[in-house]
1. Please find, among 154, 121, 166, 133, the residue that is in contact with a Pro (Cβ under 8 Å, 6 or more places away or on another chain) and not acidic (Asp, Glu).
2. Within region 60-98, count every residue that is farther than 24 Å from residue 9 by Cβ and not β-branched (Val, Ile, Thr).
3. Considering 80, 158, 110, which residue is out of contact with any Ser or Thr (no Cβ under 9 Å at 6 or more places or on another chain) and β-branched (Val, Ile, Thr)?
4. Only one of (1) of a type outside the set (Ser, Thr, Tyr); (2) open to solvent by less than 60 Å² (accessible area, probe 1.4 Å); (3) within 18 Å of the chain's Cα centre (by Cα) fails for residue 133. Which number is that?
5. Looking only at region 95-106, which residues are under 17 Å from residue 143 (Cβ atoms) and either under 8 Å from the mean Cα position of the chain (by Cα) or not polar (S, T, N, Q) (or both)?
6. Just wondering, is there one or more residues in region 123-146 that are in a loop (DSSP other than H, G, I, E, B) and touching a Lys or Arg at 6+ places or on another chain (Cβ under 6 Å)?
7. Restricting the first residue to region 163-174 and requiring it to be closer than 10 Å to residue 124 by Cβ, which pairs with a second residue that is open to solvent by 70 Å² or more (accessible area, probe 1.4 Å) and part of a strand (DSSP E or B) meet a Cβ separation below 7 Å and a spacing of at least six or different chains?
8. Restricting the search to region 101-122, which residues are under 18 Å from residue 43 (Cα atoms), aliphatic (A, V, I, L, M) and not in a strand (DSSP E or B)?
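The values are calculated or read from the model by the stated rules, or taken from the named source; none is laboratory data. Just so it is clear, the model here is predicted, and its values are computed rather than measured. Glycine gets a Cβ as well: all are built from the backbone with ideal geometry, and neighbour counts include every protein chain shown. The accessibility values were calculated without ligands, DNA or RNA, using every heavy atom of the protein model including side chains. Shrake-Rupley method; radii C 1.70, N 1.55, O 1.52, S 1.80 Å.
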Amino acid sequence: GCSSCTASVGRINPNDRPKFYAPMALNPAFTTSAGNVIYLGTQRLYRSANKGGVGGTSWFGLGASTDGFGQDLTNGGSLTAIAVYPKIDSASPPTEIVWTGSSDSVVQVTSNAGAGTTATFTNTTKAPLPNRFITDIAADINNPDRAVVVYSGFNENTAATPGHVFITSNRGST
C-alpha cells in the first residue's frame, strides 16, 4: 500500500494486493487513436482504454464490488497471470474475453471485460486443477474457448492433483 495515497475510482486502489511484478496484458484487438486496451492485476482486474493515461481517470476495476474498484478475483491472494483473446466481434459492446490466474490457484474468465463494473466473471477452478500458484495463462488466438493454464509447485505436495499444464477447449467448463 501507499501511506500517503488516497483511493479514488478511475485509478488503481493503493490498498490493493499486487505482486511485486504485477501481471499486465495488452489486448491488440483494440486499435484506436488512444491506443490499445491494457489490463493490470492486483487481486482485481483493472482495464484502461487509453494506455493507462497520465493525469486522468483511466483505470477501472472490472466486476461488481462494494468499494467501486472491481471484484476480488482471488481467495485472498493476488493475480499472477492475465491472458486476453486477441480478437473482438461486431457485437455492441464487443465480446472481450480475458482470463485471470492467481497465487492461490483461482482461475476466472470473463467475456465482457469492456462492461466495467458490470463485467461478470466465471470461476473455472475445479478438479483436476491443483491448489498451486498459477504462473501463466495463454489464450488460443484462433479459438475463443481454448486456454492453457500453467501451475508451479511439486506434484508430491498435491499428490491428488498432479500436473502443471492444463488445457480447456470450452472456456473452463472442463
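1. On the way: 154 fails: in contact with a Pro (Cβ under 8 Å, 6 or more places away or on another chain); 121 fails: in contact with a Pro (Cβ under 8 Å, 6 or more places away or on another chain); 133 fails: in contact with a Pro (Cβ under 8 Å, 6 or more places away or on another chain).
That would be 166, the only listed residue that is in contact with a Pro (Cβ under 8 Å, 6 or more places away or on another chain) and not acidic (Asp, Glu).
2. Here is the first cut: in region 60-98, the ones farther than 24 Å from residue 9 by Cβ are 75, 80-81, 83, 85-92, 95, 97.
If we keep only those that are not β-branched (Val, Ile, Thr) as well, we get 75, 81, 83, 85-87, 89-92.
So the count comes out to 10.
3. On the way: 80 fails: out of contact with any Ser or Thr (no Cβ under 9 Å at 6 or more places or on another chain); 110 fails: out of contact with any Ser or Thr (no Cβ under 9 Å at 6 or more places or on another chain).
Within the list 80, 158, 110, the selection yields 158.
4. Only one criterion in (1) of a type outside the set (Ser, Thr, Tyr); (2) open to solvent by less than 60 Å² (accessible area, probe 1.4 Å); (3) within 18 Å of the chain's Cα centre (by Cα) is unmet by residue 133, namely (2).
5. The first filter runs over region 95-106 and keeps only residues under 17 Å from residue 143 (Cβ atoms), leaving 95-99.
Once the filter is applied, which keeps residues that are under 17 Å from residue 143 (Cβ atoms) and either under 8 Å from the mean Cα position of the chain (by Cα) or not polar (S, T, N, Q) (or both), region 95-106 yields 96, 97, 98, 99.
6. Step one: of region 123-146, the residues in a loop (DSSP other than H, G, I, E, B) are 124-133, 140-146.
With touching a Lys or Arg at 6+ places or on another chain (Cβ under 6 Å) added as a condition, the list becomes 140, 145.
Yes: region 123-146 contains one or more residues that are in a loop (DSSP other than H, G, I, E, B) and touching a Lys or Arg at 6+ places or on another chain (Cβ under 6 Å).
7. Matching pairs, first to second residue: 172/122.
8. Across region 101-122, the qualifying residues are 106, 113, 119.
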